[in-house]
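These notes are about the structure you will find just below.
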Amino acid sequence: MLFRSAGYRNHHSGKWHIDGRPLDHGFDHSFEIGQGQNNFFKAPGNTDDGVPDVQRPDYYVTVAAADRSVQYLREHAEKFPGRPFYHYLCFTAPHFPLHAPAEDIARYRDTYTPGWDEIAAARHGRQRKMGLVNHDRPPMERDVGPPYDFPEDIRKLGPGEINRPLPWAELTSEQRKFQAAKMAVHAAMVDRMDREIGRVIAQLKAMGAFENTLILFASDNGASAEIMVRGDGHDPSAPPGSAKTFLCLGPGWSSSSNTPFRRHKTWVHEGGISTPLIAHWPAGIRARGELRHAPVHLIDVVPTLLELAGVTKPAVIRGHAVPPAPGRSLVPAFAADTPIARDFLWWEHEGNRALRAGDWKLVALKNGDWELYDLSTDRGEQRNLAAEKPEKARELAALWTTQMERTTALALSDPPPPEAPKKGKGAKNRK
């Protein structure tokens, strides 16, 4: 809505996991991947500007999302060449189920046969050599499995599935084969997403917009340890990654994928919440290939874009006061490796909770005790300092509680959506 008021054309393509519909919130086009995307090869549930998407023999939702992105951008170049645009592309890959075209999976068929222990060690070695991290790799937590227990689903998946990141050498040959095949599909999903992003970038170049378009790329969480079977179920006789299968990454490969951090999606330890952010804007960012160390959050994206677009957020929208933005503009970090001024960052997810202030991080499992870490030297969260520095732990815990109370109050003050007219008796009298 704010960008539209500033003359922008707005497009959405992909996941939409918040209240309302994109077309009701200022988007001119929306390819919406239906919630509960349980099959990457099926169109039902997906819509293009509200019209159900068409099933085709070669349908794959990652490609479909990029197709619409290219379509919307091409239309913009043809019909609105003098206007700026905002384009939100949100792939569901590599979320479960692990589905990918067979030719993409083939590229990685043997890549992961060395196992998650060896892959994680090699990955951490490269990260240290590149100067990305300065801490030791936390050991795999062999007793930590999926955040939700579905033992019946484990049985459906067959003897190759396991719900703990056991040492690779202790797995049976059948388990190693099954697990390596799962990671090959996961890699293929990322590979295909990269290729589709390349098609969108090619369109930006074709319309002369690439140099002066800010591109931000991030994931919304770390890799997932979940294991479940949903949708149409799982056929163990079908090729891994095909439409009749329902595979999840699981804790072994999730631990490896989250190297060099601890835990997984759902938890708010670093493995669950820390992902890279890539910023690319040739005409607006002079720096090339530089690393920034300041911790940032997705809440910072809106203030950043509003500043660059010269848009001021109104004090009132639809009769309701607009609360202060929780995020901060990242524009200063585009120019230099400088801290982003803020008091703290705060998390709560399914009872797991955390707060980061400077290099201090306070974190706890659901119903667990607070843990305290100094992330300047210990982003692997291995040395709990809560007992050594109880005053700092109490200070941050009080901040977390205050923010939780404020956030809860704000959420409860949000007016509910209008009630939809009820069918049946009395409906015809509604206006």
Q: Taking the options ASP19, ASP58, name whichever one is open to solvent by 30 Å² or more (accessible area, probe 1.4 Å) and at pLDDT 95 or above.
A: ASP58
Q: From the list HIS12, HIS29, HIS99, HIS76, pick out the single residue that is in contact (Cβ under 8 Å) with a residue 40 or more places away in the chain, farther than 27 Å from VAL302 by Cβ and in contact with a Phe, Trp or Tyr (Cβ under 6 Å, 6 or more places away or on another chain).
A: HIS99
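Any idea which residue in the range 151-165 is farthest from the chain's Cα centre (by Cα), counting only those that are crowded, with 17+ Cβ neighbours inside 10 Å and not charged (D, E, K, R)?
Filtering the range 151-165 for residues crowded, with 17+ Cβ neighbours inside 10 Å gives 153-154, 157, 160-163, 165.
Of the ones still in play, those that are also not charged (D, E, K, R) are 154, 157, 160, 162-163, 165.
Numbers: ILE154: 25, LEU157: 26, GLY160: 28, ILE162: 25, ASN163: 23, PRO165: 22 Å.
Looking at the filtered set, the residue picked out is GLY160.
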Q: Return the only residue of GLY380, GLY319, GLY327 being of a type outside the set (Phe, Trp, Tyr), exposed (fewer than 14 other Cβ atoms within 10 Å of the Cβ) and either on the phi > 0 side of the Ramachandran plot or under 21 Å from the mean Cα position of the chain (by Cα) (or both).
A: GLY319
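Among what's in the range 232-267 and is assigned to a loop (DSSP other than H, G, I, E, B) and aromatic (Phe, Trp, Tyr), pick the residue that is farthest from SER219 (Cα to Cα). Lay out the reasoning, then the answer.
Start the filter on the range 232-267 by keeping residues that are assigned to a loop (DSSP other than H, G, I, E, B), which leaves 232-249, 258-267.
Going one step further and asking which of them are aromatic (Phe, Trp, Tyr), we end up with 246, 261, 267.
Numbers: PHE246: 22, PHE261: 15, TRP267: 15 Å.
Per the criteria, the residue is PHE246.
Considering each of THR338, THR304 in turn, give the residue that is outside any loop (DSSP other than H, G, I, E, B) and either touching a Lys or Arg at 6+ places or on another chain (Cβ under 9 Å) or of a type outside the set (Phe, Trp, Tyr) (or both). Lay out the reasoning, then the answer.
On the way: THR338 fails: outside any loop (DSSP other than H, G, I, E, B).
Sole residue among the options that is outside any loop (DSSP other than H, G, I, E, B) and either touching a Lys or Arg at 6+ places or on another chain (Cβ under 9 Å) or of a type outside the set (Phe, Trp, Tyr) (or both): THR304.
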Q: Check off (1) under 29 Å from LEU98 (Cβ atoms); (2) buried (at least 22 other Cβ atoms within 10 Å of the Cβ); (3) over 19 Å from the mean Cα position of the chain (by Cα) for PHE27 and give me the number that stays unchecked.
A: (1)
Q | Number of the condition not met by ALA398 [criteria: (1) modelled with pLDDT of 95 or more; (2) part of a helix (DSSP H, G or I); (3) more than 30 Å from PRO147 (Cβ to Cβ)] | A | (3)
Q. Scanning the range 122-140 for residues that are open to solvent by less than 50 Å² (accessible area, probe 1.4 Å) and touching a residue at least 12 places away in the same chain (Cβ under 8 Å), which turns out farthest from ALA187 (Cα to Cα)?
A. HIS135
Q. What number of residues within the range 254-272 are over 14 Å from ALA364 (Cα atoms), open to solvent by less than 30 Å² (accessible area, probe 1.4 Å) and small (Gly, Ala, Ser)?
A. 3
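Those residues that are part of a loop (DSSP other than H, G, I, E, B) and in contact with a strand residue (DSSP E or B) (Cβ under 9 Å, 6 or more places away or on another chain), I need them from the range 84-122; list them, please. If you could, list the steps in order and put the result at the bottom.
The first filter runs over the range 84-122 and keeps only residues part of a loop (DSSP other than H, G, I, E, B), leaving 84, 91-101, 107-115.
The answer is PRO84, PHE91, THR92, HIS95.
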Q: Return only the number of the condition from (1) exposed (fewer than 13 other Cβ atoms within 10 Å of the Cβ); (2) at pLDDT 95 or above that HIS99 does not satisfy.
A: (1)
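Hey, does the range 44-53 have a residue that's among the aliphatic types (A, V, I, L, M) and open to solvent by 60 Å² or more (accessible area, probe 1.4 Å)?
Of the range 44-53, the ones among the aliphatic types (A, V, I, L, M) are 51.
From what's left, open to solvent by 60 Å² or more (accessible area, probe 1.4 Å): 51.
Yes, the range 44-53 contains at least one residue that is among the aliphatic types (A, V, I, L, M) and open to solvent by 60 Å² or more (accessible area, probe 1.4 Å).
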Q: Say whether the condition of being surrounded by fewer than 21 Cβ atoms within 10 Å (Cβ to Cβ), in contact with a Gly (Cβ under 8 Å, 6 or more places away or on another chain) and either within 30 Å of GLN382 (Cα to Cα) or polar (S, T, N, Q) (or both) is met by at least one residue in the range 273-287.
A: yes
Q: Inspect all residues belonging to the range 201-220 and state whether any of them is without any contact (Cβ under 8 Å) to a residue 60 or more places away in the chain and crowded, with 19+ Cβ neighbours inside 10 Å.
A: no
**Q.** Failed condition for LYS313, given (1) open to solvent by less than 20 Å² (accessible area, probe 1.4 Å); (2) at pLDDT below 95
**A.** (1)
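The values are calculated or read from the model by the stated rules, or taken from the named source; none is laboratory data. Keep in mind that what you see is a predicted model, and the values were worked out from it rather than measured. Glycine gets a Cβ as well: all are built from the backbone with ideal geometry, and neighbour counts include every protein chain shown. In case anyone asks, the SASA skips ligands and DNA or RNA and just uses the protein heavy atoms, side chains included. Shrake-Rupley method; radii C 1.70, N 1.55, O 1.52, S 1.80 Å.
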